[in-house]
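Below: the structure, in C-alpha cells.
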Amino acid sequence: MKKAIIYLGTILLLLTLGACSQKTSGQEKDSKTVKIGVTGSDGEVWPILKEKAKAEGIEIELIEFADYTLPNQALANGDIDLNSFQHIAFLSQFTKENNADLTPIGATIIAPMGIYSEKLKSIDDIEDGARIAIPDDPSNQARALKLLESAGLIKLADNFGLFGDPSKIVENPRKLDIYPIVAQQTPRVLPDVAASVINNGVAGQAGFDPVKDPIYLEDSSDENTLPYVNIFAARSADKNNETYQRIIELYHEEDVKKAVEADTNGGSVVVDISKEELLKVYKGL
C-alpha cells in the first residue's frame, strides 16, 4: 500500500513538473525580442513604439550605429532582425554593391531634404564659385544634386539616373564648387561653406528646424521622391514575418504619427504605402 502511494505521488509530481515545463516553454515562445538597428533613437517615437509592442508580447531592442554604412551589414549578417534608418534608394544601392538579400517590408516616413546656410537668407544669394557641401553616399549624393538642379543652380545629364554623381553635371553656370562629404558632417561644415545640403534626420539631430531653417526645400509631394521614402528593412526570408509586420502596423497608429511630427518639428510625415508598392519601387531601381 505504501509503495502504491509513493508510486502515485511520484507520477503526480512528474505530471506537475511536466505541466510547469510546458507552461514555461509556452511563455518563452510567446515572448519575442526583435533587434532593430537605428542611427539615432532620441525623441518619443521609439519609446512609444516599444511600449505598444511590449503590450503585445514583443520586446523591441534598439541597436544604435554610428554611421549609415553599418546597419545594413549587421542585418545581412543576422546580428539584428530589422533596421529603420534609410530610404529605398539607399537600400537598393547597398544590396547591389554587396550582393545582400535584403528588402523593404514597411514604410515609415518621408523626410524632405533641404539646403541650409549660416551666411545666406535665400537660394538666390549663392554667388559664383561658392562651395556647396553635399552627402557623399551614392543615393543621397544623387538626391542632393537633383535638389540643386530643382533650385536652378545646375543642370544634370539626361542619363543622370538614381545614383548619378558630380561628373553628370552638364551645366554649372555659377561654377559652384560641389563638395561631397560624409552625411553626418554636412551640418558641421556650415561655417566653411556657402551652403550645405543636409538630410532631414541629420538636420534634426543638429538642432535645425527642418521646415523653417532651409533656404530651399525638396517637394515631398512629387512622385519622384518615392525612392526616398524611409523604410523598415529585413532579410528577404523574413519579409512576411508576422511579428515584424505587427511592429509596422503599430508604427502607423495615431500616437506614433503625432510623436514623429513632434520629434521632427513637422519636418517628417509618416507615410502609409503598401509592402507591394514599396517592392515595386525597390525592384524598379
Report yes if some residue within the stretch 184-200 is surrounded by 20 or more Cβ atoms within 10 Å (Cβ to Cβ), part of a helix (DSSP H, G or I) and out of contact with any helix residue (DSSP H, G or I) (no Cβ under 7 Å at 6 or more places or on another chain); otherwise report no.
yes
Going by what's in this entry, would GLY161 be described as in a loop (DSSP other than H, G, I, E, B), outside the structural domain of LEU91 (by TED's automatic domain parsing), modelled with pLDDT under 95 and not charged (D, E, K, R)?
yes
Selected residue (criterion: nearest to the chain's Cα centre (by Cα)) from residues of the stretch 202-219 that are buried (at least 21 other Cβ atoms within 10 Å of the Cβ) and in a helix (DSSP H, G or I):
VAL202
Going by what's in this entry, would GLU118 be described as under 30 Å from GLU261 (Cα atoms) and surrounded by fewer than 15 Cβ atoms within 10 Å (Cβ to Cβ)?
yes
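A quick yes/no check of all residues on (1) farther than 22 Å from ALA66 by Cα; (2) of a type outside the set (Val, Ile, Thr); (3) assigned by TED's automatic domain parsing to the domain that holds ALA262:
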residue	(1), (2), (3)
ARG131	yes, yes, no
ALA183	no, yes, no
ASN199	no, yes, no
ALA237	yes, yes, yes
Which of the residues belonging to the stretch 134-160 are of a type outside the set (Lys, Arg) and more than 22 Å from the chain's Cα centre (by Cα)?
LEU148, GLU149, SER150, ALA151, GLY152, LEU153, ILE154, LEU156, ALA157, ASP158, ASN159, PHE160
Are there any pairs with C-beta distances below 7 angstrom linking a residue in the stretch 60-77 that is in contact (Cβ under 8 Å) with a residue 60 or more places away in the chain to a residue that is surrounded by 15 or more Cβ atoms within 10 Å (Cβ to Cβ) and among the charged types (D, E, K, R), with the two at least 6 apart or on different chains, and if so which?
ILE60/LYS50; TYR68/ASP137; LEU75/ARG235
For the stretch 220-245, what are the residues that are farther than 16 Å from ILE110 by Cα, among the hydrophobic types (A, V, I, L, M, F, W, C) and not in a helix (DSSP H, G or I)?
ALA234
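The values are calculated or read from the model by the stated rules, or taken from the named source; none is laboratory data. Only a predicted model underlies this, so the values are computations on that prediction, with no experimental measurement involved. We place every Cβ from the backbone using ideal geometry, glycine too, and count neighbours over all the protein chains shown.
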